[in-house]
Amino acid sequence: MKRSFLKYLSYFLVLAAIIVPLFLIFSLFDTESKNQILLFSQKNTWAIPLLILFFKAVGIIFPPVNGGFVVYSTVPYYNWFLVFIFDLFGSVIGSSIAFYLSRKYREKILFNFLTIKKITEWEKRIFKNNSFYHFLFLRFITAPISDLISYLAGLTNISFKNYFFASLIASSTAQLLIIYFLNRGVELSIIYLIPVLLAFILSYIIYRRFIE
């Protein structure tokens, strides 16, 4: 019964992480819908921060959920810097929980997301160096596209302090730039979205070339 509940809950979260941002994005093209969302967020000041915190944290704890997609879709409806702050809090919560779960349950928790072969390969090839700067580099190049790194870090000997600060520096830097340029793109010109697109493309290329 418990396993069945978790299965359906995971389906619901994955679906919600697709439907919610699509609804917010398409509402931008309908003035009435956009104004209604803005009015709702003004009357219920907790709504968007809670949405960001929840999906950001869940997206890290359960990688199939694309929490970043939800976060970015809230930018047109909320102060961009506050979106960044709540995204950062969600990232800290989610990555800390993921690290703890991985440190406690080891490889068996990753079997839900990766094969045994892939886990072993990543442990040997990527995390043979457990230094702060090595992990900081990994966080920078994977921040926009992969949250599995939090679980994989828990399998290594890296201290939580080094893990925490490397994650904080990489996530805050990457997300600050992405959210800022998204806001500029919405308010001023679509040309500001080019750096965001380039960041995702570059991160994906590096990830495929050196990580996967």
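The values are calculated or read from the model by the stated rules, or taken from the named source; none is laboratory data. As the structure is a prediction and not an experimental result, all values here were calculated from the model. Because the Cβ atoms are built from the backbone with ideal geometry, glycine has one as well, and the counts that use them run over all protein chains shown.
Just one residue in the set ILE93, ILE60 is aliphatic (A, V, I, L, M) and touching a Gly at 6+ places or on another chain (Cβ under 7 Å); that residue is ILE60.
Scanning the range 32-50 for residues that are free of Cβ contacts under 8 Å to residues at least 24 places away in the same chain, assigned to a helix (DSSP H, G or I) and not aromatic (Phe, Trp, Tyr) returns GLU32, SER33, ASN35, GLN36, LEU39, GLN42, LYS43, ALA47, LEU50. Condition (residue is surrounded by fewer than 11 Cβ atoms within 10 Å (Cβ to Cβ) and either in a helix (DSSP H, G or I) or among the β-branched types (Val, Ile, Thr) (or both)) applied to the range 51-69: is it met by at least one residue? No, every residue in the range 51-69 fails to be surrounded by fewer than 11 Cβ atoms within 10 Å (Cβ to Cβ) and either in a helix (DSSP H, G or I) or among the β-branched types (Val, Ile, Thr) (or both). Just one of the listed residues (PHE81, PHE99, PHE29) is more than 17 Å from ILE149 (Cβ to Cβ), of a type in the set (Phe, Trp, Tyr) and part of a helix (DSSP H, G or I), namely PHE81. Residues satisfying the criterion are absent from the range 111-128 (criterion: modelled with pLDDT under 70, of a type in the set (A, V, I, L, M), within 19 Å of the chain's Cα centre (by Cα) and part of a helix (DSSP H, G or I)). Applying the set (1) over 30 Å from LYS161 (Cβ atoms); (2) among the hydroxyl-bearing types (Ser, Thr, Tyr); (3) at pLDDT 85 or above to TYR11 leaves exactly one unmet item: (3).
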